[in-house]
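The values are calculated or read from the model by the stated rules, or taken from the named source; none is laboratory data. On a predicted model such as this, the values are computed, not experimentally measured, just so you know. Here the Cβ positions follow ideal geometry from the backbone for every residue, glycine too, while neighbour counts run over all protein chains shown. Note: areas computed on protein heavy atoms with side chains; ligands, DNA, RNA excluded. Shrake-Rupley method; radii C 1.70, N 1.55, O 1.52, S 1.80 Å.
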Amino acid sequence: MAFRLLTLSNGHLSLEFEDADVATVSKGIKDYFGRPKVQKSILYDLLEFGGGEFIYYHEWDPCLIAQSETGNEVLRALYYNFTGDC
């Protein structure tokens with residue numbers, strides 16, 4: 001398991017992980033926030049859970065990109081859950 005929490009130039013966070021961790025991330029979201037609402041598009045999926053919106057992008061390595069400060073907090077919580085790091 002390799003999780004990274006990156007700060008983007010717009011101040012939002014990106015939770016990046018490996019293909020092998022997609023099931024772990026999906027289970028973590030469902031366990032802590034319930035089933036996400038998903039809107040599919042050609043390039044990415046838009047997910048809503050935990051009071052935030054996220055872009056799920058899976059071109060090279062999968063990632064969830066927060067679209068708000070609430071989303072940042074949700075990604076911090078997920079990252080902590082997966083790694084134990086603050």
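Which residue is farthest from the chain's Cα centre (by Cα), if the candidates are limited to segment 1-25 and must be under 11 Å from Pro62 (Cα atoms) and of a type in the set (A, V, I, L, M, F, W, C)?
The residue in question is Ala20.
Small (Gly, Ala, Ser), crowded, with 17+ Cβ neighbours inside 10 Å and modelled with pLDDT of 95 or more: which single residue out of Ser68, Ser14, Ser9 fits that description?
Details: Ser68 fails: crowded, with 17+ Cβ neighbours inside 10 Å; Ser9 fails: crowded, with 17+ Cβ neighbours inside 10 Å.
After applying the criteria, what remains is Ser14.
Quick test of your reading of the structure: Gln39 fulfils all but one of (1) within 20 Å of Glu73 (Cβ to Cβ); (2) in contact with a Leu (Cβ under 6 Å, 6 or more places away or on another chain). Name the failing condition by number.
Condition not satisfied by Gln39: (1).
Considering only residues that are out of contact with any helix residue (DSSP H, G or I) (no Cβ under 6 Å at 6 or more places or on another chain) and not charged (D, E, K, R), look in segment 44-61 and name the one that is farthest from Ser26 (Cα to Cα).
Trp60
Would you please name the residue that is nearest to the chain's Cα centre (by Cα), looking only at residues in segment 26-43 that are under 14 Å from Leu15 (Cβ atoms) and either assigned to a loop (DSSP other than H, G, I, E, B) or touching a residue at least 40 places away in the same chain (Cβ under 8 Å) (or both)?
Per the criteria, the residue is Ile29.
I'd like the full set of residues that are under 11 Å from the mean Cα position of the chain (by Cα), without any contact (Cβ under 8 Å) to a residue 60 or more places away in the chain and closer than 14 Å to Leu8 by Cα, limited to segment 59-78.
The answer is Cys63, Leu64, Ile65, Ala66, Gln67, Gly71.
From the set of residues in segment 45-61 that are in a loop (DSSP other than H, G, I, E, B) and modelled with pLDDT of 95 or more, which is least open to solvent (accessible area, probe 1.4 Å)?
Gly50
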